[in-house]
Every structure is written in C-alpha cells, then in structure tokens.
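The values are calculated or read from the model by the stated rules, or taken from the named source; none is laboratory data. Every value quoted in this text rests on a predicted model; they were computed, and no experiment measured them. Heads up, the Cβs are rebuilt from the backbone with ideal geometry, glycines too, and the neighbour counts pull from every protein chain shown. Surface areas here come from the heavy atoms of the whole protein model, side chains and all, with no ligands, DNA or RNA. Shrake-Rupley method; radii C 1.70, N 1.55, O 1.52, S 1.80 Å.
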Amino acid sequence: MKNWVVGNWKMHGSLSMVTRFIPTLLDGLTEVRGWEQAARVLICPPFPYIAPVAQKLTGYAVGVGAQDVHPLHQGAFTGEVAAPMLAELGVSACIVGHSERRRYNRESDALIGDKLRAVVTAGITPILCVGETLSQREAGRERQVVKRQVMSALKGLEPAAFAKVAVAYEPVWAIGTGRTATPEQANEMHQYIRTLLCANLSPEHGSATPLLYGGSVTPDNAARLLALPDINGALVGGASLKAESFLSILKHSLN
Ligand code: PEP
C-alpha cells in the first residue's frame, strides 16, 4: 500500500502562499526518485484556494483535497459547498469529521456519516478522522470512542464503497499541541481500527483501508511513526504549511 502524506492547511494560507508553496513542493519532488510509486500526496487548502492549487498541480501526481463538505448535493444552504462541486474542481479526497469540526461545529457521528456517503457518491475519497480526547484516554475509553466513530461512519455503506475510504486516527490531545502519540500508542490504535474494519466489513476491505496518523507530525517524528506496520501515512496540519517541512515528512514516508 502507498503511504499517504496529506497536508491540512486548516484556515491558513493566501494566494501568495499558494504561488510560493506549490512550485517549491514540485521542485523538491523532482529530486525525490520514485515518490509517485511509493506515496499518495495531497494538499487540502481552504475552499477559496482549491481551484488555484488544482490548477498549479495539473499534470503532477499531487492531488488536491477539501477539508469539509455538506452532506447534500445541492439546495438552499447558504455558505455551504457540495461534494459534486468539489469533484468538478478536481478534488480527489475530502477530510470528514475532523476533530475541530466535531468540536467547534458540533458535528455529530450521524452528520459525519452523511457527509462521508455524499463524498463517496461524488467519487471522492473521504478521509474519515477519528480520535479520542485527553479525558477520554485518561478514563481508558479511547477504544470505545474510536469504535463508535468508525462504526457510525460505516453504517449504510456497502463494503465495496468503504474500500474507497481512508481513516485518519488523530488523538485530539495530539492535534496542534506539539504532543505526539508515541509510536506504540499510535500503532496499537491503528491495529485496533484494522481489526474493527476486518471484522465488520471483510478481511479483504479492512486490510486494504489506508490508516493515517495525525497529531503534531513533524519532520523529527515522521520517520518513527511512518515506519510502523499499521501506519499507512500521515495527516499533517502545522508542518504542512511550509513546503520544506512537508517535503521532509514526505521523504520520511518513503523509507
Ligand atoms: C490536523 O490538522 O489534522 C493535525 C493533525 O494538525 P497538527 O499536525 O498541527 O497537529
């Protein structure tokens, strides 16, 4: 399986950043032999920058992703963006259920499941984010929380459709905090998610689902995390805002 390296710019960036970042990334990639065979690379900028990023990436094996989507395909929902609109812009993946949206926008598991199905229907790969808060981990409830998040997203999805989904385990206490899960903590949860998927879909689909880790991934810790057998990539926030650090993480994913 390819290692995924996904940059989530969150609500950062500008047109001038796009103009500097994308050529620096593409230049850097020309020096990395064989990366296209080994990695799936995606940049998820804020909505207004999707089109300019996509345009600059035309002809390169770097994809553009979105950070969110509305669960319906059209309608009177002022300010919202539908999955077919993203597909039209060339978006190939969409983050769904990021913990910041669960927290600040009060997104429920049911809504996240609806978004996930809308994304799959539009032919876009959902990157389903799951993960426990610090208090949930301290209470020993991390598996229970992650199981609920994964299972409710799976509901109503054909096993074959789930084959198009990637899952990102992002412990909430590790996002933007500089506090990374230890490789053992991350790998243990990834193994648990893998077992869940195999038991509830099919061993074939469960073992083919890319499982990404997210939470303060940097060039300094990427190699250790990405070397683990059940970690198939990284969802990178802060360190994806500089082309140099994003490239460095990408290089670690190839080792
Ligand atoms: C994220 O945005 O999903 C994330 C993991 O952020 P950070 O790398 O900054 O912790």
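Inside segment 227-245, can you point out the residues that are within 11 Å of the ligand (Cβ to nearest atom) and more than 27 Å from GLU158 (Cβ to Cβ)? Passing the criteria: ALA234, VAL236, GLY237, GLY238, ALA239, SER240, LEU241, SER245.
Which residues, counting only those in segment 59-70, are of a type outside the set (Gly, Ala, Ser) and under 11 Å from LEU89 (Cα atoms)?
VAL64
May I ask you to verify whether ALA243 is closer than 22 Å to ILE95 by Cβ, in contact with a helix residue (DSSP H, G or I) (Cβ under 9 Å, 6 or more places away or on another chain) and without any contact (Cβ under 8 Å) to a residue 24 or more places away in the chain? No. Of the residues making up segment 162-182, just one is within 16 Å of the ligand (Cβ to nearest atom) and under 17 Å from LEU111 (Cα atoms), namely VAL167.
When the helices (runs of 4 or more DSSP H) confined to segment 102-165 are screened for residues that are small (Gly, Ala, Ser), those reaching at least 2 such residues are found at 109-121, 142-154, 159-162. Among the numbered conditions (1) free of Cβ contacts under 8 Å to residues at least 40 places away in the same chain; (2) of a type in the set (Lys, Arg); (3) in contact with a helix residue (DSSP H, G or I) (Cβ under 9 Å, 6 or more places away or on another chain), the only one that ARG106 does not meet is (3).
Scanning segment 195-226 for residues that are more than 16 Å from the ligand (Cβ to nearest atom), open to solvent by less than 30 Å² (accessible area, probe 1.4 Å) and assigned to a helix (DSSP H, G or I) yields a count of 3.
LEU157 satisfies every condition listed in (1) modelled with pLDDT under 95; (2) closer than 12 Å to GLY131 by Cβ except (2). Taking each residue of segment 1-23 that is more than 13 Å from TYR49 (Cβ to Cβ) and looking for partners that are open to solvent by 40 Å² or more (accessible area, probe 1.4 Å) with beta-carbon atoms closer than 6 Å, six or more apart or interchain, yields LYS2/ARG40; TRP4/ARG40. Scanning segment 126-161 for residues that are within 16 Å of the ligand (Cβ to nearest atom), hydrophobic (A, V, I, L, M, F, W, C) and buried (at least 16 other Cβ atoms within 10 Å of the Cβ) turns up ILE127, LEU128, CYS129, VAL130, VAL146.
What about GLU100, is it more than 20 Å from THR218 (Cβ to Cβ) and surrounded by 14 or more Cβ atoms within 10 Å (Cβ to Cβ)?
Numbers: more than 20 Å from THR218 (Cβ to Cβ): no; surrounded by 14 or more Cβ atoms within 10 Å (Cβ to Cβ): yes.
So GLU100 does not fit the description; no.
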